[in-house]
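As structure tokens, the structure follows; a few thoughts come after it.
The values are calculated or read from the model by the stated rules, or taken from the named source; none is laboratory data. None of these values were measured; they are calculated from a predicted model. Cβ: placed from backbone, ideal geometry, glycine included. Neighbour counts: every protein chain shown. The area values use the complete protein model at the heavy-atom level, side chains included, leaving out ligands, DNA and RNA. Shrake-Rupley method; radii C 1.70, N 1.55, O 1.52, S 1.80 Å.
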Amino acid sequence: MEHIQTLVIGAGAVGLAIAAELSEHHDVVVIEQNTHFGEHTSSRNSEVVHAGIYYPSNSLKAQLCIEGKALLYQHCQSYHVPYKKVGKVLVAHGEREIAKLHALVQQAEDNNVQDLAFLSQAELAKKAPQVKASLGVWSPSTGIVDSHQLMLSYLNKLSAHAGQYVNNTRFVRAQFDGQHFIVTLNCDGELFNLKCTTLINAAGLFAQSCAKQIDALDARFIPELYYCKGQYFSYQGSHPFQHLIYPMPEQQGLGIHATIDMAGQLRFGPDTTFIDTLDYTPNAQAKAHFVKEIIKYWPNLDSSRLHVSYSGIRPKLFRNGAQDFVIQDHTVHGIQGLINLFGIESPGLTASLAIAQHVVNKVTRPLG
Ligand SMILES: Cc1cc2nc3c(=O)[nH]c(=O)nc-3n(C[C@H](O)[C@H](O)[C@H](O)COP(=O)(O)OP(=O)(O)OC[C@H]3O[C@@H](n4cnc5c(N)ncnc54)[C@H](O)[C@@H]3O)c2cc1C
């Protein structure tokens, strides 16, 4: 049986970043069940490099988003990954939202994001033409990135360090013998076993189902999974925006915001809908809701140019309330060499390199 040091399950942005980072220290193989890497959440998101404004202080999300943002911008420069630090404008309407925006600015300061600035109405009109708001705040470190090129750069780094990426290969189960994992993989319909010392479960929306197939792992360490769909509408043709426009966040998402992609195309979303099965089919019926939300901050919207686009699904661990990334090692579940990542929703793309470093520190530090 082949024996490798580390197996990473899942070639999304997070699994690839972890594998690339680990390949500097270990021999590592990352497997992907699909023919192409990153076909799930990592290619179904807003491609925003988040500043680290929203997350509770001391959360992994706050820490890894802020570290990840700096690492990501550096990495994009070194690996020529297309990105733009376009900045974003947060907008509030009325007393209640103004109070919310002040609270967000405070939260950002508590998270050590020190570069937010309140905008005068004249500055607001310049940065966000045609946008209606009682108050605006500017976030200069927010950006956008080409997520496909980013993942490709992780893959290139992995290959440069002789790490391996194997597609069409599904993790089936793992048995822990006290020191190693005997892992069963389904490679293009054929089952085979390999042995590894470290097993990293970065399977995103499938992390819980993979974890259930690790024999030694007690079920109480596997959190619930709720699919929370986020849909986008794209806006055809020209528009007045050069920066991202964000209304105040909602319970489970950041509100229907306006983002631009690397080609300058405007899109709106994502909304939030809990669903029972993993289904990416977009719902054109949601247009009325999108129009209602968008015209609150952009009254000039030409709704005939708004077209249903793609959707993504957040791997939520709860239906309500703030939630953090969950990254479990042996100090949590008692199995040496096993790392499970659960609930890696936004800002997972921004945080991918910081998550990778966090995981690598766990893997390479002395036993304890
Ligand atoms: C609507 C939406 C908008 C978002 N916007 C942003 C944003 O603007 N900025 C930001 O920073 N983050 C954003 N995010 C979050 C970000 O996209 C995710 O955190 C990140 O992409 C997660 O990457 P991942 O590698 O953990 O998961 P995935 O990309 O889902 O990768 C997991 C991979 O594991 C593979 N896999 C699963 N099971 C197996 C198995 N048994 N064997 C082998 N392979 C397997 C899957 O096929 C998949 O390729 C958004 C998310 C959503 C849903």
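Within segment 162-190, being in a strand (DSSP E or B) and either open to solvent by 60 Å² or more (accessible area, probe 1.4 Å) or in the same structural domain as E97 (by TED's automatic domain parsing) (or both) holds for Q164, Y165, R170, R173, Q175, E190. Per the conditions (1) open to solvent by less than 60 Å² (accessible area, probe 1.4 Å); (2) modelled with pLDDT under 95, the sole criterion not satisfied by V137 is (2). All conditions in (1) within 13 Å of the ligand (Cβ to nearest atom); (2) surrounded by fewer than 20 Cβ atoms within 10 Å (Cβ to Cβ) hold for I260, with the sole exception of (2).
In the list S141, S159, which residue meets the criterion of being outside any loop (DSSP other than H, G, I, E, B) and hydroxyl-bearing (S, T, Y)?
Working: S141 fails: outside any loop (DSSP other than H, G, I, E, B).
Of the residues listed, the single one that is outside any loop (DSSP other than H, G, I, E, B) and hydroxyl-bearing (S, T, Y) is S159.
Within segment 15-43, the only residue that satisfies the criterion of being open to solvent by 20 Å² or more (accessible area, probe 1.4 Å), near the ligand (Cβ under 6 Å from one of its atoms) and farther than 15 Å from H148 by Cβ is Q33. With respect to the stated conditions, Q251 is within 19 Å of F318 (Cβ to Cβ), surrounded by fewer than 17 Cβ atoms within 10 Å (Cβ to Cβ) and more than 13 Å from the ligand (Cβ to nearest atom).
Out of the residues in segment 326-351 that are hydrophobic (A, V, I, L, M, F, W, C) and assigned to a loop (DSSP other than H, G, I, E, B), state the one that is surrounded by the fewest Cβ atoms within 10 Å (Cβ to Cβ).
As a first pass, look at segment 326-351 and keep what is hydrophobic (A, V, I, L, M, F, W, C): 326-327, 332, 335, 338-339, 341-342, 344, 349, 351.
Still in the running and assigned to a loop (DSSP other than H, G, I, E, B): 335, 344.
Details: I335: 22, I344: 31.
Going through the qualifying residues, I end up with I335.
Do we have any residue at all in segment 175-185 that's out of contact with any strand residue (DSSP E or B) (no Cβ under 6 Å at 6 or more places or on another chain) and either more than 20 Å from H3 (Cβ to Cβ) or within 15 Å of the ligand (Cβ to nearest atom) (or both)?
Taking segment 175-185 first, the residues out of contact with any strand residue (DSSP E or B) (no Cβ under 6 Å at 6 or more places or on another chain) are 176-179.
Subset that is either more than 20 Å from H3 (Cβ to Cβ) or within 15 Å of the ligand (Cβ to nearest atom) (or both): none.
Within segment 175-185, not a single residue is out of contact with any strand residue (DSSP E or B) (no Cβ under 6 Å at 6 or more places or on another chain) and either more than 20 Å from H3 (Cβ to Cβ) or within 15 Å of the ligand (Cβ to nearest atom) (or both).
Pairing each residue of segment 126-137 that is among the basic types (K, R) with any residue that is outside any loop (DSSP other than H, G, I, E, B), provided the two are 6+ apart or on different chains, yields C-beta distances under 7 Å for K127/V89; K127/L119; K127/W138; K132/Y297.
If you go through segment 44-90 and pick out every residue that is open to solvent by 50 Å² or more (accessible area, probe 1.4 Å) and within 7 Å of the ligand (Cβ to nearest atom), you end up with 1. Restricting segment 198-243 to residues that are within 14 Å of the ligand (Cβ to nearest atom) and of a type in the set (K, R), the residue that is surrounded by the fewest Cβ atoms within 10 Å (Cβ to Cβ) is K212.
Being within 23 Å of A11 (Cβ to Cβ), without any contact (Cβ under 8 Å) to a residue 40 or more places away in the chain and not in a loop (DSSP other than H, G, I, E, B) is the filter here, so list the residues in segment 202-257 that pass it. Within segment 202-257, S209 is the sole residue that qualifies.
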